[in-house]
Structure formats: structure tokens, C-alpha cells
Amino acid sequence: MIKKIVILLLATLAYCAEEKQEENLGARLLVSKQILNRYLVETKDIEVKYSIHNIGKAPAVNVQLVDNGFNTEAFEIVGGHLNTRFQRIPPESNFTHVVVVRPKRYGYFNFTSAEVTYRSSDDINAKVQVSYSSEPGEGGIVAFRDYDKKFSAHYWDWLAFALMTSPSLVIPLALWFNSKNTYEKLNKPTKKH
Amino acid sequence: MSKIFVLPVLLTFLVGFGSACSNPQVTSKSFTTKDATIVSHIGFISEITVKCTTGVLSSLYAELEDGSIIPVAVVAPETFQVSWIEESKSARSGQRLIRIFDEEGYTALRKAIRNNEPTGSVPEFFSVYVHHSGAYNGPWVKSEFIAVVLSILVSQFALTTKSKIVS
């Protein structure tokens, strides 16, 4: 009986060790999702960067990066793709994937994580891993009108201001210039005599 | 005996050559972010469509201008995406050359790097350009500044004319 238990224990230990070794040898992907914006503005670009690091010792095979966080009702995808596949990601390498979206409306939005599935080695029977990227969290998308009010060049506003103030400057100037001309004309003949 | 041995080798070669993409027709379109007042980095995205006359493409790798080698994303059948970011301050406008390598080229590239040889000597599968027309960093002159200069000019004109009349 004791012999049986010892054998069973040893077998479990061996299995655990093997599994751990397999984990260490296989590919391991770390994925971060970042929003590279100073301001989130309605109808303006939002740049999403996915950084993928393979910290494992084997290439990650058939890597699917899917981000379902931007639905087409609220966002327009203007550059890049949210559903991508990488045939192989070499071990100990890192790179970025960039997507640019434009929000169709303003308000608070929760930027959720992207999902990554991959095979941890070249072996067809290798375990399919599922991992999630980091979550940028909630961000407030500002209405374009408010953003424009704060950050636009205001050229038109100043032009309107100049046009509105010009009558109060130009009318007295014109009147004065007119009267000056008439007095100069009157004065000129008297000077000749 | 030798015949039996040669046949599988020949077959593997034939299969290998048959599956490789030959005579690829490449079209690409690029997208870069243009408003640097909103984003902190400029995103460069190149979408490449590759049509092979025969065979299919396996994995592709791209060498960027800074020398980094990245795997190319498959976004749709025959469509690939290469993307990276640059600091908005250091991102110059103009063309960027991306060299694309297939599996064989990538192996040669890795070998060249390992032997400390220049990677430029490794022939690429094909190359594409990404055009960046420059990003908007805000107005050159602030409108407030123009308004101040104009008002100073007007008041100076008024004051000089007044002083002339008085004297």
C-alpha cells in the first residue's frame, strides 16, 4: 500500500516537473494595449498600440490578435486591422501593431483588453494558449466642438472681432481725413496771396 | 538503393518549390496619423496586398528603416499589415522604405546579423514605401500674437497722427 502511494507521489511530481519544463520551454506572449493620445476627441484619430513580447524560448505559432473593444457603431477604423494573425513570432522578440480608430460620438468609453491565442511551439499538438492584453481603462472622449473651442487657432474669431471693431476706428478716421482735406483746400489759396 | 533515397529528396524539393510564392504582384497603401496635436506618436501603417501567380505565401517579415525586424501581420487572405510608431517630434516627413522578406530571406537575414554582416546585402522578397506627408503641430503663429501686433500698429498710427496735428 505504502509502495503504491510512493509511486503515485513520484509520478505526480514527475508530471508536474515535466509540465513546468514544457511551460518554460514554450512560447510566452506578453501583450500590452496602449492608447497613444494626448486628448481623446470625437471624429479625431485615436491611436491604439499593441506591444507583443515573446519572452519564451520557442516561437509562438499561429498568433491571433483580436480586439473586440471597438464596435463599428461607435468607432470608424481608419488605419490598420483589429483582427490579425501572425504566422510566427520568434522567441525573445518584441514588436508593435498599430490601429487607428475614430470615435463617432463623445462621452465616456471603457477601453477593454484584446485577446491573443497562440500555439506555444511548432508542434501541432502544442497547447493553445489564450492570453489577454493590458486594459487601458476608461477614457473620456471630448466633443469636437469643445475641443475646437479650446485648442483651435481662433483665426476666424479674431477676424470677426477686427471687422466688428473696425467701424469705430475707420469712421472717425475717414471723417477727420475728409475735413482735413477740405480745410487744406481752403487754406491753400490764402497762402498764395 | 540510391534511387529509393533520391526520390523522396527530389519530391521534398519539388513540393518546397511548388508551395513558395512566385512572381508576386504587390500593391500597397499607407496610412499615417497627421494631427500631432492630439496624438503623442505618429503611427505608420502599411497595408500590402500580395498576389502570387503560383504557390502561397508563408510567414513574412519586415525590416524597417531603423534596422528592426518584425513579423508581418496577416489581416485578410493575401493582405498584410506592417505598422510601427515614431515619436511625433522626431518623425520626419517623406518616404520610408520597408523591406519584406519571406521565410528563406528571414533565415539569411538572421545569419547575416549573427555574422555581423550588413543586412543590406541580403536580397529582399519585395519592398514597399510608406509616405508620411508630415504632421500638424499646431499653428505657426498664434492668432493672439497677430491680433496684438495689429492693434499696436493701429494705435501707433493713431498716436503719431495725433501728435502731428497737435504740434
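The values are calculated or read from the model by the stated rules, or taken from the named source; none is laboratory data. In this text the structure is predicted, and so the values were computed from the model without any measurement. Using ideal geometry, Cβ is built from the backbone for each residue, glycine included, and neighbour counts are taken over all protein chains shown. Ligands, DNA and RNA are excluded from the accessible area calculation, which covers all protein heavy atoms including side chains. Shrake-Rupley method; radii C 1.70, N 1.55, O 1.52, S 1.80 Å.
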- Which condition number in (1) open to solvent by less than 100 Å² (accessible area, probe 1.4 Å); (2) outside any helix (DSSP H, G or I) is the one that B:Ser163 fails? (2)
- Test for A:Val130: is it touching a Leu at 6+ places or on another chain (Cβ under 9 Å) and β-branched (Val, Ile, Thr): no
- Task: Please determine, by comparing only the residues of segment A:40-52 that are over 24 Å from A:Asn125 (Cβ atoms) and of a type outside the set (D, E, K, R), which one is most open to solvent (accessible area, probe 1.4 Å).
- Result: A:Thr43
- Counting residues that are surrounded by fewer than 17 Cβ atoms within 10 Å (Cβ to Cβ), which strands (runs of 3 or more DSSP E) fully inside segment B:26-141 reach at least 1? B:41-51, B:73-76, B:79-87, B:94-101, B:126-132
- Among residues belonging to segment B:21-50 that are at the interface with chain A (Cβ under 7 Å from one of its Cβ atoms) and in contact with an Asp or Glu (Cβ under 9 Å, 6 or more places away or on another chain), point out the one that is farthest from B:Arg99 (Cα to Cα). B:Ile38
- Message: I'd like to check something: does segment A:122-130 contain any residue that is assigned by the TED database to the domain that holds A:Gln87, within 30 Å of A:Asn37 (Cα to Cα) and of a type in the set (Val, Ile, Thr)?
- Response: yes
- Query: Name the strands (runs of 3 or more DSSP E) wholly within segment A:110-154 that hold at least 2 residues that are more than 14 Å from every other protein chain (Cβ to nearest Cβ) and either of a type outside the set (Val, Ile, Thr) or open to solvent by 50 Å² or more (accessible area, probe 1.4 Å) (or both)?
  - Reply: A:128-132, A:137-141
- Task: Return the total of residues in segment B:51-92 being under 24 Å from B:Ser22 (Cβ atoms), of a type in the set (A, V, I, L, M, F, W, C), free of Cβ contacts under 8 Å to residues at least 60 places away in the same chain and within 12 Å of another protein chain (Cβ to nearest Cβ).
- Result: 11
